[in-house]
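Down below is the structure, laid out as structure tokens.
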2 protein chains.
Amino acid sequence: MLEKITPRTEDFSRWYTDVIAAGQLADYAPVKGCMVIRPNGFALWENFQRALDGMFKETGHENAYFPLFIPESFLKKEAEHVEGFAPECAVVTHGGGKELEEPLVVRPTSETIIWAMFRKWIESYRDLPLLMNQWCNVVRWEMRTRLFLRTLEFLWQEGHTAHGTAEEAEEETRRMLEVYRRFAEDWMAMPVISGIKTEREKFAGAVRTYSIEAMMQDRKALQSGTSHNLGQNFARAFDVTFQNERGEREFVWATSWGVSTRLIGALIMTHGDDKGIILPPKLAPTHCVLIPIYKGEDQRALVLERLEAIGNTLSPDFKVKVDKREGYTPGWKFYDWEQKGVPLRVEMGPRDLAKNQVVLVRRDTGEKIPVGTEGLVDRVRDVLDAIQRSLFEKARSLMLQNSVTLDDYLDVVRFLEGPGGFVYGRLCNSFSCEEKIQEETKATVRCIPFDRPPDPGPCLVCGKTVDGRVVIAKGY
Amino acid sequence: MLEKITPRTEDFSRWYTDVIAAGQLADYAPVKGCMVIRPNGFALWENFQRALDGMFKETGHENAYFPLFIPESFLKKEAEHVEGFAPECAVVTHGGGKELEEPLVVRPTSETIIWAMFRKWIESYRDLPLLMNQWCNVVRWEMRTRLFLRTLEFLWQEGHTAHGTAEEAEEETRRMLEVYRRFAEDWMAMPVISGIKTEREKFAGAVRTYSIEAMMQDRKALQSGTSHNLGQNFARAFDVTFQNERGEREFVWATSWGVSTRLIGALIMTHGDDKGIILPPKLAPTHCVLIPIYKGEDQRALVLERLEAIGNTLSPDFKVKVDKREGYTPGWKFYDWEQKGVPLRVEMGPRDLAKNQVVLVRRDTGEKIPVGTEGLVDRVRDVLDAIQRSLFEKARSLMLQNSVTLDDYLDVVRFLEGPGGFVYGRLCNSFSCEEKIQEETKATVRCIPFDRPPDPGPCLVCGKTVDGRVVIAKGY
């Protein structure tokens, strides 16, 4: 049960895998590159889904389900799209004991199959906007895989919308990026930078791709959500037109946007410590674990009775577990729940019982807070709120402390050779300047951030004048 | 929008497809045999999931996610299992642009991959029981497909549990069948017969299979949920043992159980009428649709204002939609919402406004109930409860009226040649007697029902004395 976790400073990558094993979040599957999401990991994903799904529905989207299998020919209809995805596809060639006439691709993303259906459903401007989302599995053949971050099969949601004007599509693309930002910051307590991707980094088939980028504790960037303005590319490829209010036929405008189980990896690497994962209270499947401390059977009965009563008091407001397991020391239990990331521990021993108090222990700071059992619900709520806020603040400090503004190419290289972080530097939108940086430093342009004032100056590589700065960092 | 629906008496099978099209529940996908679940259908499935998932969690199960791809060799480890599923498999032979060393099967069901993982996780009796469930897509290569009932890919949940004793596994198998019965009857308002499958009809790899069977309006049976006691078959195939309390190693005992999107087909064929689907209130994504009736702009403003206020009164308790669309007559709107199966329509015109009343119209009976706006929430709740009950009663009457007890083989054949229904007849558990009936009548043994008293007598076919009766019917 209790697993040894490699310290972050020793080997961040091993720390990450150790935390996943210790928290029983996921496991490697028999097929190389595939992942099993264990109950602790899946309960977390269910909470991600619930929060996001609520936000999608608030913004007018409906869920649907499109097929897993896509005819190979569909993928080829959009030139950039097939170039981006064909090398990553899993292909079904046999079904029902026979070789298929046309191979089927296991969806790597569903633009093509969805736009083939939109063609059947969209006739006039009255049918627009069409705002859909699906929760599903997708497959991309990856050679270098890591649990949650990059696996052959993963779970995600993909929104697909159809609009009557370019402006509406752009608004939708930005609206959903903002939904992702809010989810990352307000729920995951993970600060992000919102921005637009460069031409080189955008989605295969998109006109513009926006992303949110977060800094992990190893100072690398993790792309945590993307939202694409697809223009009329897929409408043209699948011949989807609508009759506008003036009676003319026009191609439909499209967006797509997605986040995946990769966010669980992001959560681990944003908040985890050398004891394991730390769950932000707003997404934790269990908020409080109540642990009895006793010697002998008499004490046990007394403490447990009181602790169960306290559990009942807390459980209408919080998800609570009382750890009644016998044969384990309190210390072992503390450690076990720390590895599982439960935000708040509630301890009670005979002395607490006498004083009519419990001791709250914060998972994030280890702070011990003795509190009377009167008004406990409010105190627990306050402490959980404080944990949520302080996780965010801590992550934000890390990001700010490890972000630099640099104007000299060699300074950038030197910074990225060190512990690294985010470089705000000027870079023109040409493939060659981006490639040069990547070759030399392994870092890429994460995005052109929204919230920066204009700051014209020369491109780090070619010296051409550009309007402002991009974020450069090594990424996952 | 408004589709013509073939009457049930004219062609039940076309009626079924028409209802799905009219309700915008699902559509055919470009790949033959695959299905797109449209937002109206998916919202329904989400409600099925929510209710079932709650019942699974109440009975101690946790959700997890196992991979889509299963090495072909895994499927072959359990002899009966591979025989049952191999002919239906979709096979991935290429990935990432290369031919794979070992082909991967797209899961038709997940026993094999899950037991490969259970081997890693189960060590001693302390790890048992292990109670897992997953919601996912599965693929079975079907040649004759029908929307929801039988499609190449479908959505389902599959529970998989591991136990320390045969008794516990049997209890679990029966417990989950009972969960399915409760869901079918209490939520779907669909009466079912619970029973055990014959040797010939049981799941490939199971020791015993239980099922719930419902009668559709065409008097055919639909298997609506199955629960399997897998004995130690998969534990032996995957070498999964545990150390019992006496320190001995034993093979683990297993169950699996599942229901699928097929239940949406069952719902349609149980309650639908010639106007379309009828949704039981407990599963309806929309409970009430409020429709304003007016002439001219002045009336429109007055009626709409009042109706929106009424919508706000109802919406904390019910899912409500106010149909404010312009350019459609009230009659057209009635018909549109009837096709979508919304259980209750709330009409308000100028005369109702003057009388401070609305008219409730039941989707199932068409009954019109004028009610004052005071205490409306309670009246709506009563009417919705009445609809839920009366859908169940109506379906139960149909089943009872079309069930017969027969002792003579020729009577059975004649009954099944007519409009048909459920025959309670005696049949021994031999493959040949079942085959004879099936060849002659196309009917099969649906199950050996639980709730029948012993009733010994001769097998319909061979005359051998058996203990009681089985249910024989044509099935989907």
Exposure-ranked with fewest Cβ neighbours within 10 Å first, B:W187, A:W156, B:W332, A:W257 stand as B:W332, A:W156, B:W187, A:W257
With just the Cα atoms defining each centre, how far is region A:248-286 from region B:430-462? Give it in Å. 54 Å
In debye, nearest 20, what is the charge dipole magnitude of the protein assembly as shown about its Cα centre with +1 on Lys and Arg Cβ and -1 on Asp and Glu Cβ, if you could check? 540 debye
On average, how much area does the Cα convex hull of region A:286-385 cover when viewed from any direction, in nm²? 5.7 nm²
Within 10 Å of each Cβ in B:84-90, how many Cβ atoms from other chains are there, averaged over the peptide? 3
Taking the C-alpha atoms of region B:12-271, convex hull volume expressed per residue in Å³: 134 Å³
Where does each of A:191-203, A:47-59 land if you order them by average Cβ count within 10 Å, highest first? A:191-203, A:47-59
Could you tell me the distance between the Cα centroids of region B:36-63 and region A:162-223, to the nearest Å? 30 Å
Would you order A:F42, A:F85 from fewest to most other beta-carbon atoms within 10 Å of each residue's own beta-carbon? A:F85, A:F42
Sorting A:C462, B:C89, B:C34, B:C136 on the 10 Å Cβ count, fewest up front, what's the list? A:C462, B:C136, B:C34, B:C89
Taking the label point as lying 7 angstrom from Cα along the Cα-to-Cβ axis, what are the distances from A:G327 to the corresponding position in the remaining copies, in ascending order and in nanometres? 7.1
Placing one equal point scatterer on each C-alpha of chain A and summing with Debye, one gets log10 I(q)/I(0) at q = 0.05, 0.07 Å⁻¹ equal to -0.23, -0.44
Given charges at beta-carbon only (K, R positive; D, E negative), |dipole| of region B:1-110 in Debye: 320 debye
Among DSSP beta bridges lying fully in chain B, give the percent that are antiparallel, nearest 5. 80 percent
Cα-based Rg (one decimal) and Dmax (whole number) for region B:404-473, in Å? 10.8, 29
Could you give, in nm with one decimal, how far A:E199 is from each other copy of that position, shortest first, with labels 7 Å out from Cα toward Cβ? 7.3
Inter-part distance where region A:64-123 and region B:307-357 are each reduced to a Cα centre, Å: 41 Å
Which of the lysines could a cross-linker bridge to B:K202, judged by Cα under 30 Å and excluding same-chain residues fewer than eight apart? A:K98, B:K32, B:K57, B:K76, B:K77, B:K120, B:K220, B:K436, B:K442, B:K464, B:K474
Let me make sure I get this right: for region A:353-396, a, b and c are the square roots of the gyration tensor eigenvalues over alpha carbons, sorted descending. Under 1.5 in a/c it's rounded, otherwise prolate if a/b > b/c, else oblate. Which is it? oblate
Relative frequency of Cα-Cα separations exceeding 23 Å in region B:1-143, percent: 57 percent
Using the Cα centre of region B:174-270 as the reference point, and only Cβ charges (+1 on K/R, -1 on D/E), how large is the resulting charge dipole? Debye, rounded to the nearest 20. 160 debye
Just name one of B:V259, B:M55, B:A22: the one whose Cα is farthest towards the positive end of the charge dipole of the protein assembly as shown (beta-carbon charges, Lys/Arg +1, Asp/Glu -1). B:M55
Inter-copy distances for B:E435, nm, shortest first, label points 7 Å along Cα→Cβ, are 6.8
What percentage of all Cα-Cα pairs in the protein assembly as shown are separated by more than 53 Å? 21 percent
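Every number in this text was worked out from the coordinates using simple rules, so none of it is lab data. In this text, all values refer to a predicted model and were calculated from it rather than measured experimentally. With ideal geometry, Cβ positions are generated from the backbone for all residues, glycine too; neighbour counts draw on all protein chains shown.
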